[in-house]
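Before any comments, here is the structure.
The values are calculated or read from the model by the stated rules, or taken from the named source; none is laboratory data. Not measured: the values here are computed from a predicted model. With ideal geometry, Cβ positions are generated from the backbone for all residues, glycine too; neighbour counts draw on all protein chains shown. These area figures cover heavy atoms from the full protein model, side chains too; ligands, DNA and RNA do not enter into them. Shrake-Rupley method; radii C 1.70, N 1.55, O 1.52, S 1.80 Å.
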Amino acid sequence: MLIVMHHHATAEQIQTVEQAVAALGLQAVPIPGQERTAIGVLGNQGYVDDATIRDLPGVLEVIHVSKPYKLVSRDFHPAATVVQVGAVAIGNGHPAVVMAGPCSIESREQMLAAAQQVKAGGAHMLRGGAFKPRTGPHSFQGLGVEGLQYLREAGDAVGLPVVTEVMRIEQLDIVCRYAHMLQIGARNMQNFDLLKEVGRCRWPVLLKRGLSATIEEFLAAAEYILAEGNSQVILCERGIRTFERATRNTLDLSVIPLVRELSHLPIIVDPSHATGKRSLVPVMAKAALVAGAHGLMIEVHPEPDRALCDGAQSLTGAGFAELMGQLRHLQQALAGC
Ligand code: PEP
Ligand code: MN
């Protein structure tokens with residue numbers, strides 16, 4: 001529920017409304033706006049009878065929010081959230097942040113080479129998977145903790161913060177020890193216990209959209225993290241499952257402006273998993289920035305043809321550097337739009 005106050009409502013009237021909300025056993029969250037204050041109501045698990053609130057002095061309107069997310073919504077939090085990962089800021093008013101690196105951490109040498117290449121190309125963060133959610137059990141499952149060590153060593157060597165996927169609650173402590181940002185993969189977007197646990201730790205989180213998740217389900221998944229007190233969440237559109245098999249997934253670009261309307265959280269795009277095809281990655285990366293993405297996640301491998309995972313969608317170091325040059329020009333052009 002959202003209680004909108006008159007623009008001339010006094011501080012005392014606002015306080016009376018907050019007390020009336022508390023009397024219902026609910027939590028009042030004041031949302032000061034430029035023109036008027038609103039009061040968000042949290043803690044209800046169903047419809048709230050507003051009889052003791054709607055006629056109080058200073059109340060303009062009571063809106064019953066039926067969406068499964070509140071904390072994530074612009075209604076409850078009009079100001080855009082900027083997520084800080086070390087020195088890197090992701091969100092409105094900041095240049096697009098590019099996270100790049102191999103799908104999987106395969107060896108110390110591979111990770112160091114990839115880190116040097118993406119750093120040289122101008123990436124802001126280094127990615128790499130140590131715990132891999134593979135479709136089949138016979139595929140490479142990742143190096144686990146050894147991989148986390150290589151990732152962090154490589155990130156430190158080139159001065160880039162690192163992001164990596166955590167698949168299970170039991171991995172959370174060890175992943176937090178090495179990573180600057182936690183990634184929740186598409187297959188775990190609705191692993192609600194994991195989301196809650198990640199919400200309790202205060203690490204920044206990259207939440208990927210589920211394979212067939214609607215936007216409402218995507219935002220409701222983020223709500224689980226915010227509801228536990230962690231608002232450092234970045235959403236990531238990585239393509240969704242459709243009837244089309246010519247591309248690995250279908251990149252839903254319209255989700256970017258829509259999420260920017262509905263939510264205050266930053267949103268980035270992963271054109272690598274969205275297309276599954278190296279030749280399509282650069283153009284879709286550019287399209288994502290035009291659509292308003294706050295950043296990109298791009299797979300880069302020193303030798304894509306020998307990659308243990310997702311080589312077909314991975315850029316070479318040279319391909320990445322070329323794309324980054326194009327993105328710089330594009331961002332200059334977009335600044336004038
Ligand atoms: C990945 O980033 O390597 C990955 C597995 O992505 P997704 O969860 O989007 O499939
Ligand atoms: Mn991958």
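Selection within region 243-277: residues that are surrounded by fewer than 19 Cβ atoms within 10 Å (Cβ to Cβ) and among the basic types (Lys, Arg). The member of this set that is nearest to Gln183 (Cα to Cα) is Lys277. Within region 146-177, the set of residues being of a type in the set (A, V, I, L, M, F, W, C), more than 20 Å from the chain's Cα centre (by Cα) and crowded, with 22+ Cβ neighbours inside 10 Å comprises Leu148, Leu151, Ala154. Residues that are within 15 Å of ligand 2 (Cβ to nearest atom) and in contact with a Lys or Arg (Cβ under 8 Å, 6 or more places away or on another chain) within region 299-337 comprise Glu299, Pro304, Cys309, Ala312, Gln313, Ser314, Leu315, listed in sequence order. Among the residues examined, Leu42 does not qualify as touching a residue at least 60 places away in the same chain (Cβ under 8 Å) and either open to solvent by less than 60 Å² (accessible area, probe 1.4 Å) or on the phi < 0 side of the Ramachandran plot (or both).
Selection over region 178-191 of residues that are more than 14 Å from the chain's Cα centre (by Cα) and surrounded by 23 or more Cβ atoms within 10 Å (Cβ to Cβ) gives a count of 1.
Within region 23-39, the set of residues being more than 12 Å from Met1 (Cβ to Cβ), touching a helix residue (DSSP H, G or I) at 6+ places or on another chain (Cβ under 7 Å) and open to solvent by less than 50 Å² (accessible area, probe 1.4 Å) comprises just one member, Thr37. Note on region 104-117: among residues that are charged (D, E, K, R) and away from ligand 2 (no atom under 16 Å from the Cβ), the one that is farthest from the chain's Cα centre (by Cα) is Glu109. Scanning region 201-218 for residues that are surrounded by fewer than 24 Cβ atoms within 10 Å (Cβ to Cβ) and away from ligand 2 (no atom under 16 Å from the Cβ) yields Cys201, Arg202, Trp203, Pro204, Ser212, Ala213, Thr214, Ile215, Glu216, Glu217.
Results for (1) more than 14 Å from ligand 1 (Cβ to nearest atom); (2) within 23 Å of the chain's Cα centre (by Cα), shown as yes or no for each residue.
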{"position": "Gln232", "(1), (2)": "yes, yes"}
{"position": "Leu235", "(1), (2)": "no, yes"}
{"position": "Arg238", "(1), (2)": "no, yes"}
{"position": "Arg260", "(1), (2)": "yes, yes"}
{"position": "Lys277", "(1), (2)": "yes, yes"}
{"position": "Leu289", "(1), (2)": "yes, yes"}
{"position": "His329", "(1), (2)": "yes, no"}
{"position": "Gly336", "(1), (2)": "yes, no"}
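Residues checked against (1) at pLDDT 95 or above; (2) of a type in the set (Asp, Glu):
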{"position": "Asp75", "(1), (2)": "no, yes"}
{"position": "Val83", "(1), (2)": "yes, no"}
{"position": "Val97", "(1), (2)": "yes, no"}
{"position": "Ala115", "(1), (2)": "yes, no"}
{"position": "Ala120", "(1), (2)": "yes, no"}
{"position": "Pro161", "(1), (2)": "yes, no"}
{"position": "Glu165", "(1), (2)": "yes, yes"}
{"position": "Asp173", "(1), (2)": "yes, yes"}
{"position": "Asn188", "(1), (2)": "yes, no"}
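Within 24 Å of Ile234 (Cα to Cα) and under 28 Å from the mean Cα position of the chain (by Cα) - does that describe any residue in region 54-65? Looking through region 54-65, at least one residue is within 24 Å of Ile234 (Cα to Cα) and under 28 Å from the mean Cα position of the chain (by Cα). A count restricted to region 301-337 and to residues that are in a loop (DSSP other than H, G, I, E, B), out of contact with any strand residue (DSSP E or B) (no Cβ under 8 Å at 6 or more places or on another chain) and open to solvent by 70 Å² or more (accessible area, probe 1.4 Å) stands at 3. For region 118-136, the candidate set comprises residues that are open to solvent by less than 60 Å² (accessible area, probe 1.4 Å) and away from ligand 2 (no atom under 14 Å from the Cβ); within that set, the residue that is farthest from Val163 (Cα to Cα) is Gly136.
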